[in-house]
1. If I ask for residues that are assigned to a helix (DSSP H, G or I) and either under 24 Å from Ala415 (Cβ atoms) or open to solvent by less than 10 Å² (accessible area, probe 1.4 Å) (or both), which ones from the range 318-339 would you list?
2. Test of understanding: among Gly215, Gly210, which residue is assigned to a loop (DSSP other than H, G, I, E, B) and either surrounded by fewer than 16 Cβ atoms within 10 Å (Cβ to Cβ) or at pLDDT 95 or above (or both)?
3. Looking only at the range 409-454, filter to residues that are part of a loop (DSSP other than H, G, I, E, B) and charged (D, E, K, R); which one of those is most open to solvent (accessible area, probe 1.4 Å)?
4. Looking for whichever is modelled with pLDDT of 95 or more and among the hydrophobic types (A, V, I, L, M, F, W, C) here; the options are Leu102, Leu166, Leu125, Leu121. Which one fits?
5. Within the range 547-557, does at least one residue satisfy the condition of being more than 30 Å from Gly146 (Cα to Cα), part of a loop (DSSP other than H, G, I, E, B) and under 37 Å from the mean Cα position of the chain (by Cα)?
6. Would you check which residues across the range 571-596 are open to solvent by 60 Å² or more (accessible area, probe 1.4 Å), within 28 Å of Val732 (Cα to Cα) and touching a residue at least 60 places away in the same chain (Cβ under 8 Å) and list them?
7. Residues that are of a type outside the set (Val, Ile, Thr), within 14 Å of the chain's Cα centre (by Cα), under 28 Å from Ala543 (Cβ atoms) and at pLDDT below 90: does the range 239-258 have at least one?
8. Right, Gln482: of a type outside the set (Phe, Trp, Tyr) and either open to solvent by 80 Å² or more (accessible area, probe 1.4 Å) or assigned to a helix (DSSP H, G or I) (or both) or not?
Amino acid sequence: MGGRDAETPMQAQYRQLRAQCGEALLMFRLGDFYELFGEDAERAAPVLDVVLTSREVSPGGRIPMCGVPHHAVHGYVSRLLARGLSVALADQVEDPSQARGLVRREIIRLFTPGTVAEPDLLDPLGESLLVAVASGALAMADASTGTIRVAALSAEDADQEAAQELSRLRPSEIVAPAGAVPEPARAYAVERGIPLRERPAEDFLAGALGRRWPGVPEDPALAGLVAYLEHVLRGEITAWRAPEVYRPSAFMGLDPTAQRNLELVERLGGEIGPGTLLGALDRTVTAMGRRLVRFWLLHPLQDLAEIGRRQDAIAELGSHPLFRQGLRDALRGVQDLERLAARTASQRVGPRELAALGASLGRLPEVLGSLGGCQAALLREQVAAADPLQEASALLARALAPDPPGAVRDGGVFAAGYDAELDDLRRAGAEGRQWLLELEQRERQRTGIRSLRVGFNRVFGYYLEVSASNRDAVPADYQRRQTLSGAERFVTPELKELEGRILGAQERALRREQALFAEFRQHMAAHGPALQRTAGAIACLDALGALAETASRWGWVRPALTTTRELVIRGGRHPVLEQTLGAGRFVPNDAALSGREHFVLITGPNMAGKSTYMRQVALITILAHMGSFVPAEQARVGVVDRIFTRVGASDDLAGGRSTFMVEMTEVAALLRGATRRSLLLLDEVGRGTGTLDGLAIAWAVMEEITRLGARTLFATHYHELTPVAGELAGAVNAHVAVREEPDRVVFLHRLLPGATDRSYGVAVAALAGVPAPVIRRARDLLAVLQTKGVTTAELAPTTDQSRASVARAAARAELIHRLASLDPLRMTPLQALDLLAVLQAEASTMDGED
């Protein structure tokens with residue numbers, strides 16, 4: 001911003017602050033705007049959709065610049081964060097009227113995508129998480145709730161578990177040691193397009209963690225996480241809760257591929273919400289309840305006792321509709337207590353947020369009262385953990401104005417009667433306004449100017465405004481203060497005296513209110529830990545109520561979970577498609593996997609429902625492990641340690657991988673990571689390459705999985721595999737039924753025992769609207785291909801002679817077939833000579849024609 005020799009004091013101030021920002025963009029407060037300069041402006045302007053201008057900083061020298069209004073800055077910051085950029089806000093930290101020379105400015109906030117805590121920058125239902133990854137270690141933070149979790153990764157599968165946790169957590173930002181970034185962190189950042197910050201290696205030295213949180217493990221990722229949080233939040237994590245340590249192995253393994261293919265929280269196209277399992281499952285009424293349901297869904301339990309506790313709570317709520325509805329109705333008035341509690345504990349909460357906190361606490365007696373007499377242990381525990389904080393609730397109701405402002409600087413935070421001194425100052429201000437009205441009336445009478453009015457602005461204070469047409473009627477004691485195009489503004493000695501009295505009272509009232517608010521906020525911060533415990537309990541009650549509501553609405557049942565390897569589902573339904581189609585329209589299907597029959601080879605036509613069936617079984621398994629009821633008539637589920645999927649077709653252009661390469665990578669991960677307790681879904685393995693290569697790969701994979709013994713659903717169009725299934729131990733055939741009609745094929749969407757030898761691909765093409773000539777040609781070619789001995793090379797002609805060529809190829813194939821089927825030992829010499837003459841005549845008609 002100009003050379004140092006010629007720079008102004010403000011330019012020097014800007015340069016010093018810019019040096020503190022690193023890679024963050026600096027938004028520098030100038031009057032009513034935040035300005036960006038130089039490269040910062042060039043990067044920000046297109047993102048913010050503002051005009052890029054320039055400013056002269058030296059004779060002949062200009063610098064790019066752009067700006068945004070200070071009152072709307074958070075909206076612009078959110079756009080920059082969404083692009084993975086960080087932003088530093090430099091604001092005035094002293095009153096310009098009191099400043100001697102240049103107003104002092106400081107960086108008051110550093111925003112990064114993974115450390116957002118401000119309500120107007122957050123998705124109420126989503127999360128902006130920060131994850132730190134070091135060698136063999138991973139930790140995450142949610143700045144909006146003051147939560148830190150540490151994943152105790154297993155030494156032998158650290159990278160695999162790190163990749164899995166990153167996919168579950170979906171962070172907005174990752175930090176890792178400079179020069180030693182673990183591959184899962186780098187791969188995830190590239191795939192999702194999120195910032196990866198390489199921080200100094202010394203930040204990841206864990207020696208000081210025990211002094212901050214006794215009993216917390218000395219974890220390098222946690223150390224790096226805390227160091228970055230303190231850098232960004234300027235040490236404001238003292239009020240955060242102690243880190244929670246968890247083992248990823250305590251949850252069902254769901255790698256990124258499984259999460260994506262099963263569309264648990266995000267559609268294959270990237271959309272969040274409808275069309276996902278979370279969208280079908282979630283009927284929460286609070287934001288924190290929805291976040292908890294999402295966490296449960298992505299972290300299915302392995303502990304049968306804990307699963308049973310959730311099921312008991314859902315069963316009790318589900319069997320008492322009035323009981324459940326009372327809870328859900330009471331919860332509707334509860335705001336996001338998790339985030340309000342965190343901001344209260346860190347003393348960053350504003351007046352309007354405190355009002356929301358008070359309203360939420362006021363609802364808690366009704367919420368807890370709705371659960372009076374509940375029997376389920378998990379429900380009773382949440383009721384006991386939730387503290388309605390009646391004293392704090394009463395204080396908030398008494399202290400705050402009915403509609404407080406968003407910021408204390410705007411005044412009007414406290415209700416009348418809360419503080420006597422504040423009431424006196426407000427009365428003085430109110431009397432001053434009455435004095436102004438009386439002055440305005442007197443001056444109108446004295447001057448005869450009926451349009452005269454008293455006004456105020458921050459620059460000139462109070463004034464008397466007279467229209468230009470009445471300028472000649474202005475008394476001599478009026479002192480001109482400002483001239484406008486159609487009016488003039490004046491002051492009088494009496495008005496200046498009133499201004500001093502009014503502004504003095506208002507200023508003193510605002511100072512008193514600010515002091516009271518600082519004291520009040522500090523008092524409320526003491527309730528932070530209790531608020532955070534209460535928020536967790538209320539979120540759990542909301543999540544349980546939502547799962548019970550979904551189960552009741554759609555007729556879901558309680559599954560039985562066992563330690564065996566069975567997976568038996570009667571009348572299972574796809575939880576997402578059933579809700580999309582409407583009740584009663586989805587065709588249910590059974591599943592029966594066990595230690596004895598653990599591999600099902602599924603054949604059948606395209607569009608018949610093979611992929612839907614496989615996903616349905618996996619989704620029911622996940623729901624059972626998260627403690628939910630499931631869409632079925634009955635279900636018995638042996639504990640599944642991991643789910644692997646190889647379904648769908650996609651390439652990886654950014655990574656330079658073809659569809660087949662992606663498919664084989666997924667198969668490799670499946671074969672390496674699966675155990676006898678895993679559930680595997682494989683759809684059309686080998687289809688991305690040549691037929692013989694694909695068949696060979698599918699066959700070999702099938703043999704390896706049956707040897708392993710994992711519960712498996714394996715869909716294929718390679719009908720050559722169906723006899724193989726009959727020979728492999730633990731493997732059985734199944735097919736999706738169709739009904740053939742004269743002019744079409746009807747898909748019945750029912751899975752039946754046994755194999756089928758047809759895929760009905762041409763029929764599906766006709767259903768899809770492929771032009772009739774193409775369908776006819778395809779049927780001709782299919783007839784030839786199904787005749788023994790014909791090669792695809794013989795079907796190559798596509799000219800007008802192609803139909804004749806196909807006919808000749810079919811005749812040749814028939815001739816070869818007849819020759820191959822002869823048994824000369826059963827023929828007399830005469831019969832052999834007669835047949836030879838016939839075959840020779842037929843062959844002569846083909847000679848030389850192709």
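The values are calculated or read from the model by the stated rules, or taken from the named source; none is laboratory data. Everything quoted here is computed from the prediction, not taken from an experiment. So basically every Cβ, Gly included, is an ideal-geometry build from the backbone, and we count neighbours across all protein chains shown. Just so you know, the surface numbers come from the protein's heavy atoms only, side chains and all, with ligands and any DNA or RNA stripped out. Shrake-Rupley method; radii C 1.70, N 1.55, O 1.52, S 1.80 Å.
1. Within the range 318-339, Leu327, Ala330, Leu331, Leu337 qualify.
2. On the way: Gly210 fails: assigned to a loop (DSSP other than H, G, I, E, B).
Criteria check complete, one pass: Gly215.
3. Going through the qualifying residues, I end up with Arg450.
4. From the options Leu102, Leu166, Leu125, Leu121, the qualifying one is Leu166.
5. Scanning the range 547-557 turns up at least one residue that is more than 30 Å from Gly146 (Cα to Cα), part of a loop (DSSP other than H, G, I, E, B) and under 37 Å from the mean Cα position of the chain (by Cα).
6. Asp590, Arg596
7. Scanning the range 239-258, I find at least one residue that is of a type outside the set (Val, Ile, Thr), within 14 Å of the chain's Cα centre (by Cα), under 28 Å from Ala543 (Cβ atoms) and at pLDDT below 90, so the answer is yes.
8. The answer is no for Gln482.
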